[in-house]
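In what follows, a structure is listed as structure tokens, so that the remarks can point back to it.
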2 protein chains.
Amino acid sequence: MTSFVDVHGMVGWIARTGTESVIAGILEYLEHDFRRWESFEKSARVASHTPFGVIELMPTSDQESYAFKYVNGHPSNPGRGYQTVTAFGVLADVHNGYPTFLAEMTVLTALRTAATSALAAKSLARPDSAVMAMIGTGSQAEFQALAFRTALGITSLRVYDVDPDAIAKLVRNLLPLGFAIHVAGSAAEALDGADIVTTCTADKARATVVADELVQPGMHLNAIGGDCPGKTELDAAILDRSSVVVEYAPQTRIEGEIQQRPADFPVTELWEVLTGRAPGRISAEDITVFDSVGFAIEDFSALRFVRDRVAGTAFEQRIELVADPDDPKDLFGLMGAFSPVG
Amino acid sequence: MTSFVDVHGMVGWIARTGTESVIAGILEYLEHDFRRWESFEKSARVASHTPFGVIELMPTSDQESYAFKYVNGHPSNPGRGYQTVTAFGVLADVHNGYPTFLAEMTVLTALRTAATSALAAKSLARPDSAVMAMIGTGSQAEFQALAFRTALGITSLRVYDVDPDAIAKLVRNLLPLGFAIHVAGSAAEALDGADIVTTCTADKARATVVADELVQPGMHLNAIGGDCPGKTELDAAILDRSSVVVEYAPQTRIEGEIQQRPADFPVTELWEVLTGRAPGRISAEDITVFDSVGFAIEDFSALRFVRDRVAGTAFEQRIELVADPDDPKDLFGLMGAFSPVG
């Protein structure tokens, strides 16, 4: 039997545990796995593009456990009542190849993305950062805000979105949680006085959500919305005067902000910063960019964390996902007795 | 909600419908999809190899539906009480990226592999074929036998396996179903007088299950066990004097029998034979080889067939695999009300 956490189980478990506590736990698992980055099998995700959006499979393995995530990205979905991103993921035992754990990952992806952003910002943002601008207040936004509060103590937000309803939703969700929120009338106003800038918009286009002249020395840019070929958010000129950190360079060069730059554009991988192999932020005037597109190891970490925590609780179910006959060579015997055909 | 067919549902549905009837139905869907081969997005599967075995993801799409299968191959599994191959698969709607159907595919893979073998043999075996040799009588064997009876009327089998228990199992399963079975003491004896030869062994090695001198003019070889880099079953010399048909050449050159031959070794893809673009068997003396490794489109066909047939029956369940909040941008709202943090 395979352990299964459905949407109800995941949301119930998060509500019981506390979102910030879950983010802190994922962050710990992420840090552990990023530090042993070289022990993972890594490849760019496998994407199926259509005019409507993209469906991706993201596998990785540490030679003990194997994980993959199914995830879609359909920017026009919210207009039709659907989520832009939905996801589910699986853990398997490498020794016998059996899937051991299946979980919803629409919510979990938002949590692990936020935890990854916060993990990077702990190394890349100025330690005295106090104010975060958020451009884009869709599905991911509240999770990002909570992750930055959990990891860096940020409680002051300056938010902007082209959709006023999305801003109202964020304010409704976050104000009761103790955030100070300034609703800006433009991206420029949102960035004014910000130490950290999180961009998280969904347009499947080369957009300039943040113009070069708005970026001040010392800022850290957490750019998570440019995550698909042809989908970027930052003015390319920002990249040229920043230290750019990515998850897995071969994938980010295809999907991230740096797709706007030549294949030899210098970047550092986050694991190198976390293990001390490369510097993160060099000075208080340094501009740092975390060009985040999401990588399979983050799902691996998040899935393992949830699996470890829900084991034995009422939040997990058991499903019969793979056949397991008593005699492993007698798969046919499962079908029971058949009548001879004349 | 996502439709889900678990092992119990799949086996129950097959038992109710009849294995041969299910194979015939899959064969029809396969033929339809192979005939529109050019409308599919195709890529070699994504494999994660370890010393224990392999875990693979097999995606494809026809720009309307997307499908992928998770499947493992662990040759040493039966010795430890596990299946060599387990699998599950998913269908998704390309328009919004939502997964719509999840199914066990350990049993279904055996059925679709058998249906694909039979589909190929209908074009490649001599029309007067009456006797099939089977080398390897493991999990797949009974399904293969039933498929060849359904599609070609084969009722006479000559079987051989290095594991006597596996032979006994096959005889126990198939004798009551009206097959005439000759148990051979060697592969050579099994092939003596056979019109069709199915090889389906699990060794993860370059094995010679069928030696060149055993292969007679007019034979059709259904080689399904050589399906992994470093895993082959046929004496390479057989390939040189045969017409070799494959599913998807770029994948088969990596995984199939033809990995023993140069990259320009001439092969025909099955869809070309089925659409009349290329000849199948040319003469009664022709030796034909279906070098089958399994391809994603076969899983696409099988999943769609099951989904269409189980819809609305008690064999399908509904699971909450992806979150679907009323306001698609308010994923966070799912978590309900949280207490403000001090």
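The values are calculated or read from the model by the stated rules, or taken from the named source; none is laboratory data. Keep in mind the model is a prediction, meaning the values are calculated, not measured. Note: ideal-geometry Cβ built from the backbone for every residue, glycine included; neighbour counts use all protein chains shown. These accessible areas exclude ligands, DNA and RNA; they are computed on the full protein's heavy atoms, side chains included. Shrake-Rupley method; radii C 1.70, N 1.55, O 1.52, S 1.80 Å.
Kindly list the residues of the stretch B:196-213 that lie in the label zone of B:V162, defined by a backbone N under 16 Å from the point 7 Å along the Cα-to-C-beta vector. B:199-211, by backbone N distance to the label point. Here the stretch A:105-224 is assigned +1 on the Cβ of each Lys and Arg and -1 on the Cβ of each Asp and Glu. Its dipole about the Cα centre then comes out at about 440 debye. What separates the Cα centres of the stretch B:200-224 and the stretch B:241-318 is a distance of 17 Å.
What separates the A:A15 label point from its copies, with the point 7 Å along Cα to Cβ, is 3.9 nm, written shortest first. Inter-copy label distances at B:P229, using a point 7 Å along Cα-to-Cβ, come to 2.3 nm with the shortest given first. Accessible area buried by the pairing of B and A, both sides summed with a 1.4 Å probe, works out to roughly 7200 Å².
When the protein assembly as shown is described by a simple charge dipole with +1 on each Lys and Arg Cβ and -1 on each Asp and Glu Cβ, the residue from B:A314, A:G79, A:V54 located farthest towards its positive end is B:A314. Take the Cα of A:E64, step 7 Å toward its Cβ, do the same at A:R318, and the gap between the two points is 2.5 nm. Note that the stretch A:1-132 presents 29 Å² accessible area per residue, ligands and nucleic acids not counted, probe 1.4 Å. Comparing B:A263, A:M219, B:P250 along the charge dipole axis of the protein assembly as shown, the residue lying farthest to the positive side is A:M219, per the Cβ-charge model. Each Cα pair under 8 Å and six or more residues apart adds its sequence gap; the mean of these over the residue count of the stretch A:52-158 is a relative contact order of 18 percent.
Here the stretch B:155-233 is assigned +1 on the Cβ of each Lys and Arg and -1 on the Cβ of each Asp and Glu. Its dipole about the Cα centre then comes out at about 260 debye. Counting from the shortest, the label point at A:E38, 7 Å from Cα toward Cβ, is 5.0 nm from the same position in each remaining copy.
Take peptide A:56-69, look around each residue's Cβ out to 10 angstrom, count Cβ atoms belonging to other protein chains, and average those counts.
Mean partner shielding for this stretch: 3.
Measuring nothing but protein heavy atoms, the accessible surface of chain A at 1.4 Å probe radius is 52 percent carbon and sulfur. Once the Cα atoms are used to define both axes, helix B:106-124 deviates from the longest principal axis of chain B by about 40 degrees. Helical runs (DSSP H, four residues minimum) scored at -39500 (n - 2.57) apiece and divided by the length of chain B put the mean residue ellipticity at 222 nm at -9500 deg cm²/dmol.
Taking chain B as a Gaussian network of alpha-carbon nodes connected by springs under 10 Å, the highest mean-square fluctuation of the residues B:D227, B:D192, B:D327 belongs to B:D327. Among the trypsin sites (Lys or Arg not before Pro) within the stretch A:221-303, those in coil by DSSP and having at most 16 neighbouring Cβ atoms inside 10 Å are A:R241, A:R277. Between B:R277 and A:R16, the distance separating the two model label sites (each 7 Å from Cα on the Cα→Cβ line) works out to 5.5 nm. Between B:A302, B:A284, B:P325, the Cα set farthest toward the positive side of the dipole of the stretch B:261-342 (charges on each charged residue's Cβ, about the Cα centre) is that of B:A284.
Each Lys and Arg Cβ is given +1 and each Asp and Glu Cβ -1; about its Cα centre, the protein assembly as shown then shows a dipole of about 580 debye. Using only Cα atoms and rounding to the nearest 10 degrees, what angle (0 to 90) does helix A:19-35 make with the longest principal axis of chain A? The helix A:19-35 is inclined about 80 degrees to chain A. Relative to the dominant Cα principal axis of chain A, helix A:141-152 is inclined by about 80°.
When only C-alpha pairs under 8 Å and at least 6 residues apart count, what is the relative contact order of chain B, in percent?
Numbers: 697 pairs, mean separation 68.9, N = 342.
Taking the mean separation of contacting Cα pairs over the length of chain B, I get 20 percent.
In summary, the lysines within cross-link reach of A:K329, defined as a Cα separation below 16 angstrom excluding same-chain residues under 8 places away, comprise B:K169.
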